[in-house]
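The values are calculated or read from the model by the stated rules, or taken from the named source; none is laboratory data. Predicted model, so just to flag it, every value in this text is computed and none were measured. Counting neighbours? That spans all protein chains shown, and the Cβs are built from the backbone with ideal geometry, glycine included.
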């Protein structure tokens, strides 16, 4: 060896334990340090969902004080049902946004799934009769194409679900609410396979692909439903999805399962990390967080199990079904993003595509898969909003469904530039938008004002995102 | 020294009519830092990419650990234990240190991640390299300095029990203190018994950490010498003229690309 190493030599005594030398003082921080770190991150431009949460609190105070009916139980439950479909579509969009892509077709694609679902129900399972020969052949052709494209890219779940849709369409399964919902989701998956392939493999920018498909799917909905017609969803189960409630007992079981599960996972993980000497948050902070969730959930469940009917004859109580639906999707999606290899790859491709490619990640496959997830989630959103309205009209998924969903994700703190964002952002953002819509409606504001305010809030959120990015870029390192 | 860990004999590479590498002989010894120097366009990057399996060689022999091997793609190179740290580092800003080090090779079963295992392994590697500059292995890469990023990229290459690490200008964009950190790290890699190839334009860096210098001149290996046997000036002459006194190509005037 040359003598250049002599100066480094004294430090080279082997560390007593593997961890001791490197960052032992950083694995467990005190609460004060953790709070200071958080403050530093905020100043550094990593705001996360904080602006949306603050906005939410502000909105609750404002609407609560000037609209008498806003804070009534009936309205809160109504607000949950109104916001659910946007929330679900936004959760799917988060996957796409994480890659820095956009899916403008999510809204009208959800409309297509709703229309197919309704058509299948109304026509007694006879899609051929409902669509006519030509449309039906094209529809089946597209499903076959989706299966093939997904298989080529080795997205087996996408291929399987698209095949299920094809099967349901061809066999003419008799109408059944569960089959209808499955059909809607599978059609959504198939749509996502086509979109994803065009973006990831053919290489058309996602903005253009999905803009084109936004128009095309809008036309398809019109074709399926028929000009000026509506397809009614006369089915008890489908009606209950967005309008039904859990029983009081069911509500508390949900509370125990959801909150208990959350506490068990968070605390179990935390103490296991502490035991192994890994980087962990301070214990008091974790306990406060879990405690806050328990209290909030308990209060919410308690309020929602009270009778909120305005008449004395009928009793309306219980947690709406949409709450467990959104919760389940949130848990599954968060698990996929944070705990699986696939989720890690999504973040990696969104953060640095070239790095991901060199690390051996199949970038094209990841890019295609997020569109499959997005469209499938959009289909679930479609089930919820169709159920809320009770029918599917030619405008289903049109109007501002998509824009509100993208807005929800962005307001919650998902970055449009990719790489940053979590599923809970979509939920928080959608809550903000639903509250604005609902509150303005209660204040008897005309649609014009509602649109303008919603737009300004979205602009504000995107501005915060861009500014915090700039801040993060110049923050001292 | 014993048998070289990596040895190239008579390697040629052309891109169409352009003959980029002429009969290159190049050896890397385990436990040594070999500096690869040369002017712009001398073929340094091409040589590294041939070793890394990104470009196939036209002719010549590559021996790894004494055995002739055929490197056909980056995965082959990785399997042999050859890792390259490119100039642009290829780190994802939005992921933390552990996540970046294991990117694409995450540990865990059934598609689930074993964060505890990865975090411990990452910390162990950083400890073994005596890295003290990174505050926490859970820091996002976006929050790291250039030197720290370079450290993470190098540690990522070392994590895989690699035998040979090729570093493409690791200090090019760094300040004085950060260059110091990275050079110390390069030295420690060699002390751990790895074969290290350091591409650099900075003669101070080369003379500080390298045991040997391999000098490319217009696609030819002008000289492979021990740093203690040559002076600054001689290496600069080798780089610019392909020849310095007794060293170098016999008639550099006749060399063509």
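If I ask for residues that are over 28 Å from the mean Cα position of the chain (by Cα) and within 24 Å of residue A:387 (Cβ to Cβ), which ones from the range A:170-180 would you list? Full working, then the answer.
Within the range A:170-180, the first condition is being over 28 Å from the mean Cα position of the chain (by Cα), and the residues that meet it are A:170-175.
Across the range A:170-180, the qualifying residues are A:172, A:173, A:174, A:175.
Count, please, the residues in the range A:74-113 that happen to be farther than 22 Å from residue A:412 by Cα and within 18 Å of the chain's Cα centre (by Cα). Residues that pass the stated criteria total 4.
Here B:191, B:169 are screened, and the one residue that is touching a strand residue (DSSP E or B) at 6+ places or on another chain (Cβ under 9 Å) and surrounded by fewer than 24 Cβ atoms within 10 Å (Cβ to Cβ) is B:169. Each residue in the range A:371-407 was checked for being in contact with a strand residue (DSSP E or B) (Cβ under 6 Å, 6 or more places away or on another chain) and assigned to a helix (DSSP H, G or I), and 1 of them qualify. Considering each residue of the range A:64-72 in turn, none proves to be farther than 30 Å from residue A:307 by Cα, part of a helix (DSSP H, G or I) and in contact (Cβ under 8 Å) with a residue 12 or more places away in the chain. Residues in the range A:22-37: is at least one within 30 Å of residue B:125 (Cβ to Cβ), within 14 Å of another protein chain (Cβ to nearest Cβ) and at pLDDT 75 or above? Scanning the range A:22-37 turns up at least one residue that is within 30 Å of residue B:125 (Cβ to Cβ), within 14 Å of another protein chain (Cβ to nearest Cβ) and at pLDDT 75 or above. Got at least one residue in the range A:150-169 being part of a helix (DSSP H, G or I), under 20 Å from residue A:218 (Cβ atoms) and in contact (Cβ under 8 Å) with a residue 40 or more places away in the chain? No, the range A:150-169 has no match at all.
Helices (runs of 4 or more DSSP H) fully within the range B:7-124 that include at least 2 residues being without any contact (Cβ under 8 Å) to a residue 24 or more places away in the chain and either within 14 Å of chain A (Cβ to nearest Cβ) or over 17 Å from the mean Cα position of the chain (by Cα) (or both): B:74-80. The helices (runs of 4 or more DSSP H) falling completely within the range A:271-370 that include 2 or more residues that are more than 11 Å from chain B (Cβ to nearest Cβ) and either free of Cβ contacts under 8 Å to residues at least 12 places away in the same chain or within 26 Å of residue B:135 (Cα to Cα) (or both) map to A:283-304, A:322-339.
Taken together, the criteria place residue B:137 among residues that are within 11 Å of chain A (Cβ to nearest Cβ), crowded, with 21+ Cβ neighbours inside 10 Å and part of a loop (DSSP other than H, G, I, E, B).
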